[in-house]
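Heads up, the thing below is written out as structure tokens.
The values are calculated or read from the model by the stated rules, or taken from the named source; none is laboratory data. Every value quoted in this text rests on a predicted model; they were computed, and no experiment measured them. Neighbour counts run over all protein chains shown; Cβ positions are idealised from the backbone, glycine included. Just the protein is used for accessible areas: all its heavy atoms, side chains included, with ligands, DNA and RNA removed. Shrake-Rupley method; radii C 1.70, N 1.55, O 1.52, S 1.80 Å.
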Amino acid sequence: MEIIRVKDAAAGGKKAFEIIQQAMKDGIHTLGLATGSTPITLYQEMTNSDLDFSNMTSVNLDEYVGLGGEDKQSYRYFMNENLFNQKPFKETFVPNGKAEDLQAECQRYDDVIATHPIDIQILGIGRNGHIGFNEPGTPLDSKTSVVNLTESTIEANKRFFDKVEDVPTKAVSMGIGSILQGKKMVLMAYGEDKADAIKGMVDGPVTTHLPASALQNHADVVVIVDDAAASKL
Ligand code: PGA
């Protein structure tokens, strides 16, 4: 893993943007994208840039079960607001959290990943070491599936909802194995509450207890961290 230390989230967004910019010059087609607070500075860099994404495809990591694109807390809505409305892509994929047959939706999404191989996968990390919504205990070769969110994740994400009872308890998430198929991983983490997860991911054993530790088995991983997130390394 290549660890890049930055001053703050703004600098981290710039770094991640530079990686994407260079890779687009080199001819990549597909970005794996993430939601949450972490990638926002990257999306700001992308929207403020003069880069043209209209030949690019994006594949997002996950979506809450039960929420659709019209729901303000859905990840489809988040992506439209933070990136796609300002910078149109050729095609954008986000799991359909309102699919009637969720198992079929998971299969469809793995087919999307297979037919649109991800060149750069953008990742955040949960306080418990999750990537996507793959919580501790998830097999490290998992495919896209319907996952139950842990209490700590629901607690962390309740800030986006009126009340904690409104936070969905399930999501459709790319699996750890699906994520690792991407050619290059760019994981960003800012703030002290990510320090334990970063320490475990970088220095700990590869274990289902800390899903992000599976990244140790990937050949091309860049980790962008501020001093607080790197404080236990
Ligand atoms: P955050 O979430 O960027 O909102 O901290 C990251 C994650 O849970 O993967």
Could you list which residues have their amide H under 5 Å from that of GLY32, counting only those 5 or more apart in sequence or on another chain, with H placed in the peptide plane?
VAL59, ASP119, ILE120, GLN121, ILE122
Packing-wise, with mean Cβ within 10 Å as the measure, how do 21-30, 168-177 rank, highest first?
168-177, 21-30
Could you do me a favour and compute the accessible area per residue for the chain, 1.4 Å probe, result in Å²?
44
Need one number: nm distance between label points at GLN22 and GLU151, each 7 Å from Cα along Cα→Cβ, rounded to one decimal.
4.4
Classify the range 116-206 as rounded, prolate or oblate, taking a ≥ b ≥ c as the square roots of the eigenvalues of its Cα gyration tensor: rounded when a/c is under 1.5, otherwise prolate if a/b is larger than b/c and oblate if not.
oblate
DSSP beta bridges in the chain, what fraction antiparallel, as a percent rounded to 5?
25
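Would you tally the net charge around GLU135, using a Cβ to Cβ cut-off of less than 14 Å, leaving GLU135 out, and scoring K and R as +1, D and E as -1?
Working: positive: ARG127, LYS170; negative: ASP62, GLU151, GLU155.
Once all neighbours under 14 Å are counted, the net charge is -1.
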What ³J(HN,Hα) values, in whole Hz, does the Karplus curve 6.51 cos²θ - 1.76 cosθ + 1.60 give for the range 76-82 when θ = phi - 60°, with x put for Gly and Pro?
4, 5, 4, 5, 4, 5, 8
Taking 0.36 nm per residue of separation between ILE40 and ASP8 and subtracting their Cα-Cα distance, the length gained on full extension comes to 10.3 nm
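Using a 1.4 angstrom probe on heavy atoms only, work out the carbon and sulfur share of the accessible area of the chain in %.
47
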Under the Karplus relation with 6.51, -1.76 and 1.60 and θ = phi - 60°, whole-Hz ³J(HN,Hα) for the range 127-132, x at Gly and Pro, equal 4, 9, x, 6, 10, x
What's the local net charge at GLU100, with K and R +1, D and E -1, over the other residues with C-beta under 15 Å away?
0
